[in-house]
Amino acid sequence: MSYAGKIEPPTAPSLVGPEPLEIDLDVNGQRVAVKVDPATTLVEVLRNTLGLTGTKIGCDRGACSACSVWLDGDVIASCMTFALDVRGRKIVTIEGLSKGDRLHPVQEAFIEHDALQCGFCTPGMIMSCARLVERNPQCTLDEVRQAVSGHLCRCGTYPNVFKATLAAAASVSGSKEAQK
Ligand code: FES
Ligand code: FES
């Protein structure tokens with residue numbers, strides 16, 4: 001067999017660690033410099049270094065979604081994400097959802113519809129529901145169920161989470177209609 005071109009050997013990824021290193025993160029629209037060891041997860045940096053304790057750690061193994069945040073607009077489990085791997089990417093936490101004193105419509109609807117009890121799962125649930133509502137204000141009950149399907153709530157708040165999210169979606173799509 002002959003090859004037309006020269007095949008370059010794959011370049012090895014640059015090695016880092018085991019010493020801590022300085023990285024820049026973009027969290028809730030702010031650039032922050034932190035020093036982390038390479039095995040530090042994003043949720044550890046958010047909570048322990050930046051004091052953003054709204055993001056919770058439930059299982060710490062990708063099974064409960066309590067630690068959900070947005071990464072470049074997608075919902076991810078921050079306990080399964082190394083801080084090193086999200087340099088230069090946009091991270092939004094529950095603290096970054098409101099605009100000044102104005103809560104996100106999904107946050108308001110969770111309060112209005114009593115969609116929480118102990119509240120431990122709530123920040124993660126809200127991150128997923130808010131993402132759904134922003135992407136699809138015409139979302140259906142099935143889509144809301146799907147959006148929270150990875151979220152474990154031991155208090156069983158799901159029925160009110162569904163109601164709250166559909167109410168928020170209706171208010172967002174209503175105000176979009178009104179702006180036309
Ligand atoms: S704490 Fe991250 S999925 Fe449970
Ligand atoms: S409100 Fe308690 S775990 Fe969901």
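Counting the residues of the stretch 75-118 that are more than 15 Å from ligand 1 (Cβ to nearest atom) and either of a type outside the set (A, V, I, L, M, F, W, C) or touching a residue at least 60 places away in the same chain (Cβ under 8 Å) (or both) gives 24.
Confirm whether Gln117 is at pLDDT 95 or above and part of a helix (DSSP H, G or I). Considered against the rule, which asks whether it is at pLDDT 95 or above and part of a helix (DSSP H, G or I), Gln117 comes out as no. Among the residues of the stretch 43-74, those that are under 11 Å from the mean Cα position of the chain (by Cα) and free of Cβ contacts under 8 Å to residues at least 60 places away in the same chain comprise Val43, Cys67, Val69, Leu71, Asp72, Gly73, Asp74. For the stretch 112-145, the candidate set comprises residues that are within 13 Å of ligand 2 (Cβ to nearest atom) and of a type in the set (Val, Ile, Thr); within that set, the residue that is farthest from Val172 (Cα to Cα) is Thr122. The number of residues in the stretch 133-145 being of a type in the set (A, V, I, L, M), within 16 Å of Leu97 (Cβ to Cβ) and open to solvent by 40 Å² or more (accessible area, probe 1.4 Å) comes to 0. If the condition is being among the polar types (S, T, N, Q) and either in a loop (DSSP other than H, G, I, E, B) or open to solvent by less than 20 Å² (accessible area, probe 1.4 Å) (or both), then the stretch 94-109 contributes only Ser98. Every condition in (1) within 15 Å of ligand 1 (Cβ to nearest atom); (2) open to solvent by less than 40 Å² (accessible area, probe 1.4 Å) is met by Ala130 except one, and the failing one is (1). The residue that is surrounded by the fewest Cβ atoms within 10 Å (Cβ to Cβ), among those in the stretch 146-178 that are more than 12 Å from ligand 2 (Cβ to nearest atom), under 19 Å from the mean Cα position of the chain (by Cα) and not aliphatic (A, V, I, L, M), is Ser149. Within the stretch 110-127, the set of residues being closer than 15 Å to Lys163 by Cβ and open to solvent by less than 60 Å² (accessible area, probe 1.4 Å) comprises Phe110, Ala115, Thr122, Met125, Ile126.
The values are calculated or read from the model by the stated rules, or taken from the named source; none is laboratory data. As the structure is a computational prediction, the values presented were derived from the model and not from experiment. For neighbour counting, all protein chains shown are included, and Cβ atoms are generated from backbone atoms with ideal geometry for every residue, glycine included. Just the protein is used for accessible areas: all its heavy atoms, side chains included, with ligands, DNA and RNA removed. Shrake-Rupley method; radii C 1.70, N 1.55, O 1.52, S 1.80 Å.
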